[in-house]
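Peer 1: Below is one structure. I have some questions about it.
The values are calculated or read from the model by the stated rules, or taken from the named source; none is laboratory data. Everything quoted here is computed from the prediction, not taken from an experiment. Positions of Cβ are generated from backbone atoms using ideal geometry, with glycine treated the same way; all protein chains shown enter the neighbour counts.
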Amino acid sequence: MGKFQSFEELVSYIKEHADIIDVISDYVELKRVGAQWMGKCPFHPDKNPSFSVSGEKGLYHCFGCGASGDVIKFIEDIEGVSFIEALEILGEKVGIDVESELRELRGKKDNIPTSPAKTLKKAVAYAAEYYHRILISESASKVVLQYLYERGLENTDIVEWKLGFASPTKPFYQFIKEKRLSMKPFIEAGILKKDGTDTMRNRIIIPIADGTGKFVSLGGRLWKGEGPKYLNGPETPIFKKGNILFGMHRARKSGKEKGRMIFVEGYFDVILMHKYGFTETVAPLGTAVSDRASREIASLVKKAYLIFDPDAAGVKATISTGFKLSSLGTAVYVVNLPGGMDPDEYVVEYGEDGMERMLIGGTPFAEYVSTLIIGNIEIHDTGKVIKLMRNLENFSAFATDGNREIWNTIATFIEKQLSIPAPEIVSRLYRMKGGQRISSHKVNVSGPYDILEKGIYELLLIEPINYIYLPSEFVEDFKPHMDKLARLLGLITEFYENHPEDEPLEKFHIFIRSRDEEIARDIYTGRDIPTQDISKRFICLVSRWLMLKYRDLLQQSRNNPETFQELMERKKIAETIYTHKDLGCSRM
């Protein structure tokens, strides 16, 4: 017989006995401040603690984003589960079998909501158990077990993580048919394809759990043959891979205790890192850590270590994850293992002490990024500023307000290596970012633009170094009505990347003649073009061109207050330059 007479009584009991401080402390590092507990909010980017929890009231509230509620609401939002599932999660903490109690109450015809997600989770758990049994009991699976042993796993690890095998000779769909079970929940949960066949056929099965430890999907690891090394299950109502970190339900507690989280790429990396004592290890189920997962990590730990592959995808994930975590106040370190080894290989060969030494020697994220940006640029290189700006363009997407502090640190590293002032680097980077956002509005006009661009073009042929006064983000906008100017600017940039800025003009003209016959025909040899104050004339033409450009962009941006205000400020700067008395633009 059930313990509760009504659904409301059950809910009230769980709210009363599930201590909100203890529950939230599993997800957020809380510190007592007077009668309240404070921490970083896991529901929005929160660099400074604005998340308040009251044990006395049983409520939480974020002063930054407004998120608030009781302990059940917190579990609903942090885990992305239904009200009933949140009750079940909390019920486990207070010793109540919610599922059993609900069954009793439904028998009394109480008006109780149901959870469709629970059916899908049961389907995943059922399939995981089947695949696990196939791996450990079928003689045909011995070769797969041997593969796992060679990777460094033992039977205890296989059982603990409930690893399985989707045998092509013992398919799950055949088992379902024999048991006369409906295939619908297994198809909806991504275990079976729409045609009824096993999604992970002939792969090692790794059950994927949500933050509470409930299986929500199955991952597949290739053990022989061709195909992707790792394969995640398809997105379903219960599985959104961007919201889940593999191993997080096991890593949360030790991560909080150690004050750090280790990120790796693969399932086996996580499993073997845990085996050797690094139980604070997790892996994203995609190319990088999601915003939601980043907030949860930043709310829980102070340090993060990234051990991703050194290939292009791994570097991309390192940069993306590093910026997300750094912007939230987490100290990020990048660990490069020798010889391109994966974390599971390294920890098996060198053990816990060897891996810990690698973590201690991790490179601060700002230093790692600065090294990528500098590349092979040397302090004495001619045109080093131009080369650096070109490299910086690849990182302009990360020039956000939240990342400004980390960019200041990155620029300081670059300044030490190249003697280029850090403030100048940051300023140029953020101008690049702003320019990219604004220049997405193409203006296809002629008239005044044609006259100004013709003048800019002519002066660049005489004194090409003046191109530094032209904002590079607008180069593409010349193409609709003066493609030659856009091409010329590209050639000038290329020339000064390989030649000193005081290179004789004759060498530049030779370079042009070898690369673009049409532009070469326009090179002036004895034409009546004034050569005095060319730089001033050039600045005047550019500032006037920008005034026109911003005028037209403003017309297009009246419904976007943020962009409109930024354009107004840029237009004022251009006008200030054009009207400066030392330039005398109005007299030219």
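Peer 1: Looking at P42, P49, can you tell me which residue is modelled with pLDDT of 90 or more and not assigned by TED's automatic domain parsing to the domain that holds A298?
Peer 2: Among P42, P49, only P42 is modelled with pLDDT of 90 or more and not assigned by TED's automatic domain parsing to the domain that holds A298.
Peer 1: Considering V332, V315, which residue is closer than 17 Å to I410 by Cα, without any contact (Cβ under 8 Å) to a residue 60 or more places away in the chain and in contact with a Gly (Cβ under 9 Å, 6 or more places away or on another chain)?
Peer 2: Checking each option against the conditions leaves just V332.
Peer 1: What are the residues in segment 85-99 that are surrounded by fewer than 20 Cβ atoms within 10 Å (Cβ to Cβ), within 19 Å of L59 (Cα to Cα) and not basic (K, R), if any?
Peer 2: V94
Peer 1: Among the residues of segment 91-103, count how many are in contact with an Asp or Glu (Cβ under 6 Å, 6 or more places away or on another chain) and either modelled with pLDDT of 90 or more or not in a helix (DSSP H, G or I) (or both).
Peer 2: Residues in segment 91-103 being in contact with an Asp or Glu (Cβ under 6 Å, 6 or more places away or on another chain) and either modelled with pLDDT of 90 or more or not in a helix (DSSP H, G or I) (or both): 0 in total.
Peer 1: Continuing with this model, one more query. Scan segment 308-351 residue by residue and report those that are hydrophobic (A, V, I, L, M, F, W, C), over 25 Å from Y147 (Cβ atoms) and touching an Asp or Glu at 6+ places or on another chain (Cβ under 9 Å).
Peer 2: V315, A317, L328, V334 - these are the residues of segment 308-351 that are hydrophobic (A, V, I, L, M, F, W, C), over 25 Å from Y147 (Cβ atoms) and touching an Asp or Glu at 6+ places or on another chain (Cβ under 9 Å).
Peer 1: Which of the residues belonging to segment 312-347 are within 23 Å of K302 (Cα to Cα) and among the β-branched types (V, I, T)?
Peer 2: V315, T318, I319, T321, T330, V332, V334, V335
Peer 1: Right, another one. Determine which single condition F4 fails, assuming it passes every other condition in (1) within 30 Å of S326 (Cα to Cα); (2) aromatic (F, W, Y); (3) out of contact with any Gly (no Cβ under 8 Å at 6 or more places or on another chain).
Peer 2: Result: F4 passes all but (1).
Peer 1: If I go through segment 212-229 residue by residue, how many of them are in contact (Cβ under 8 Å) with a residue 40 or more places away in the chain, surrounded by fewer than 22 Cβ atoms within 10 Å (Cβ to Cβ) and small (G, A, S)?
Peer 2: Looking only at that region, the number is 1.
Peer 1: Turning to a different aspect of this structure: From the list G339, G351, which one is at pLDDT 95 or above, out of contact with any Gly (no Cβ under 6 Å at 6 or more places or on another chain) and surrounded by fewer than 16 Cβ atoms within 10 Å (Cβ to Cβ)?
Peer 2: G351
Peer 1: Six or more apart or on different chains, Cβ atoms under 7 Å: show the pairs whose first residue is in segment 369-381 and of a type in the set (A, V, I, L, M) and whose second is outside any helix (DSSP H, G or I).
Peer 2: I379/S419
The rows are residues; the columns are (1) of a type outside the set (F, W, Y); (2) modelled with pLDDT of 95 or more; (3) surrounded by 14 or more Cβ atoms within 10 Å (Cβ to Cβ).
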residue	(1), (2), (3)
I158	yes, yes, yes
G164	yes, yes, yes
T169	yes, no, no
Q174	yes, no, no
K177	yes, no, no
L181	yes, no, no
P185	yes, no, yes
A189	yes, no, yes
R201	yes, no, yes
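Peer 1: Keeping to segment 515-553, report how many residues are β-branched (V, I, T) and at pLDDT below 75.
Peer 2: The qualifying residues number 5.
Peer 1: Another one. Specify the residue that is surrounded by the fewest Cβ atoms within 10 Å (Cβ to Cβ); the eligible residues are those in segment 242-287 that are of a type in the set (G, A, S), closer than 22 Å to Y149 by Cα and without any contact (Cβ under 8 Å) to a residue 40 or more places away in the chain.
Peer 2: Filtering first and then ranking leaves G247.
Peer 1: Given the structure, is A140 surrounded by fewer than 19 Cβ atoms within 10 Å (Cβ to Cβ), part of a helix (DSSP H, G or I), among the aliphatic types (A, V, I, L, M) and touching a residue at least 24 places away in the same chain (Cβ under 8 Å)?
Peer 2: Yes.
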